[in-house]
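A quick write-up on the structure given underneath.
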Amino acid sequence: MRNIDQHSITAAVVDSFDGCDSPRLKQLMTSLVTHLHDFAREVKLTEAEWAQGIAFLTATGQKCDDKRQEFILLSDVLGLSMLTVAMNNDKPAGCTEATVFGPFFVEGAPHYAHGDDVANGAAGEPCEVRGTVRGLRGEPIADAVIDVWQADAGGHYDVQHAGLDHAQGRGVLRSGPDGGFHFRTIVAEAYPIPTDGPVGVLLEATGRHPWRPAHLHFKIEAAGYEPLITHVFRDGDTWLDSDAVFGVRQSLVAEWAAQADGTHRLDFGFVLNPARR
Ligand code: BEZ
Ligand code: FE
């Protein structure tokens, strides 16, 4: 294998995977290299540009720690997270659609009873959330484990508040025998994704804004059903049609209805897909 040139190099690299024991890894690497090479050829990538690309990826890695995952953020703003979610969650009509997980989920959030205040001191306008968890035939799903998490009035998750030592705006509930659950919280507000790293530089350089429309995150798990990771978006939000991470589905937009007493109320029915055997 000598004198490889710009025309023969793709085949040479693809051939180098011949000894790969895993057919799937071989397929992934073959396709990745082919597309990467095609990209470089199509744009006639210069050495200076690729050096800049390497510097960007290096900075992205260096921004990561146990609280910050800049590569996930990069995948989110490039639409790769949502593409992967969409391809892998093609559920039957009637099921609640999935959307991006995001970086602010925390395992082991506090457990709450129905009617409790999940805000737990987070700033914002009071809001009551009532939900149901059902199957495709309308059957109530009891004992589903429901994780909920959200940003506060300032557009920050609890984990973004330095020094805060307890959960705010996040918790775990279980659905009752009728599939229902309810809790008090604060109204979720729109927020910009973190821009103090290379992804922020990329958004700025490409003339994009960092905003996500207001939403409440849900992760719902129940025996016999596929897990659901989704949001409910707040109808009327400015950013619904230009979400920085491309996560909005019309079926997930709901009204946070203003009540006579100045509070808000959200009602939402979740429908889970039966587990595939
Ligand atoms: C979120 O909704 O929490 C989120 C999703 C993607 C990137 C940043 C935040
Ligand atoms: Fe979020």
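Hey, got a sec? Which GluC sites (Glu not before Pro) in the stretch 64-120 land in a DSSP loop and have at most 10 other Cβ atoms within 10 Å? Intermediate values should be presented prior to the final figure.
Numbers: sites: Glu70, Glu97, Glu107; in loops: Glu97, Glu107.
Those satisfying the criteria are Glu107.
So for the chain, taking the charge dipole from beta-carbon charges (+1 Lys/Arg, -1 Asp/Glu), which of Gln160, Ser81, Val118 sits furthest toward the positive end? Selected residue: Ser81. Relative to the Cα centre, the charge distribution of the stretch 25-90, modelled as +1 at Lys and Arg Cβ and -1 at Asp and Glu Cβ, gives a dipole magnitude of about 100 debye. Legend: calculated FRET efficiency, Asp15 to Ala162, from the Cβ-Cβ distance at R0 = 51 Å, rounded to 0.05, equals 0.50. Globularity index of the stretch 95-222 is 1.16 (Cα radius of gyration / 2.2 N^0.38 Å, N = number of residues).
Please give the net charge around Gln69, taking every other residue with its beta carbon less than 15 angstrom from that of Gln69, where Lys and Arg add +1 and Asp and Glu add -1. Before the final figure, lay out the partial values.
Details: positive: Lys63, Lys67, Arg68; negative: Asp65, Asp66, Glu70, Asp76, Glu107, Asp196.
So the environment of Gln69 carries a net charge of -3.
Using a 1.4 Å probe over the heavy atoms of the protein chains, calculate the carbon and sulfur portion of the accessible area of the stretch 178-267 as a whole percent. Display every interim value, and only then the final one.
Working: 1980 of 3990 Å².
The value for the stretch 178-267 is 50 percent carbon and sulfur by accessible area.
Computed extension length for Ala153-Asp90: 19.4 nm, one decimal, from 0.36 nm per residue of separation with the Cα-Cα distance subtracted. Charges were assigned to the Cβ only: +1 to each Lys and Arg, -1 to each Asp and Glu. The resulting dipole of the chain about its Cα centre is roughly 620 debye.
Suppose R0 equals 51 Å. What FRET efficiency, 1/(1 + (r/R0)^6) with r the Cβ-Cβ distance, do Thr263 and Thr58 give to the nearest 0.05?
Values: r = 48 Å, r/R0 = 0.94.
Calculated transfer efficiency: 0.60.
Considering only the Cα atoms of the chain, their convex hull presents on average a projected area of 18.6 nm². Spin-label model, Glu49/Val145: points 7 Å from Cα along the beta carbon direction are separated by 4.8 nm.
Between beta-carbons, use under 15 Å as the cut-off and find the net charge around Ala260, counting Lys and Arg +1, Asp and Glu -1. For residues surrounding Ala260, the net value is -2.
Could you please report the charge total around Val100, scoring K, R as +1 and D, E as -1 over all other residues with beta-carbon less than 14 angstrom from its beta-carbon?
Details: positive: Arg212, Lys219, Arg249; negative: Asp76, Glu97, Asp243.
With Lys, Arg at +1 and Asp, Glu at -1, the neighbours total 0.
Of the residues Val148, Val232, Val201, the one that moves most in a GNM of the chain with alpha-carbon contacts below 10 Å is Val201.
Assuming 0.36 nm per residue, please report the length gained on full extension of the stretch Ala113 to Leu32 beyond their Cα-Cα distance. It would help to have the intermediate numbers written out before the result.
Working: separation 81, 0.36 × 81 = 29.16 nm, distance 4.75 nm.
Going from the current span to full extension adds 24.4 nm.
Taking a point 7 Å out from the Cα of Arg137 in the direction of its Cβ, the residues of the stretch 228-272 whose backbone N falls within less than 16 Å of it are 272.
Express as a percent, rounded to the nearest 5, the fraction of DSSP beta bridges in the chain (both residues included) that run antiparallel.
On the way: 30 of 43 bridges.
That works out to approximately 70 percent antiparallel.
Given a 1.4 Å probe and the protein chains as shown, Trp211 ends up with an accessible area of around 80 Å². The charge dipole of the stretch 171-254, taken about its Cα centre with unit charges on the Cβ of Lys, Arg, Asp and Glu (plus for the first two, minus for the last two), comes to roughly 160 debye. Rolling a 1.4 Å probe across the protein heavy atoms gives the chain an accessible surface of 56 Å² per residue.
The values are calculated or read from the model by the stated rules, or taken from the named source; none is laboratory data. Bear in mind the structure is a predicted one, so any value in this text is a computation, not a measurement. Reconstructed Cβ throughout: ideal geometry from the backbone, glycine too, with neighbour counts over all protein chains shown. SASA here: full protein model, heavy atoms, side chains in, ligands and nucleic acids out. Shrake-Rupley method; radii C 1.70, N 1.55, O 1.52, S 1.80 Å.
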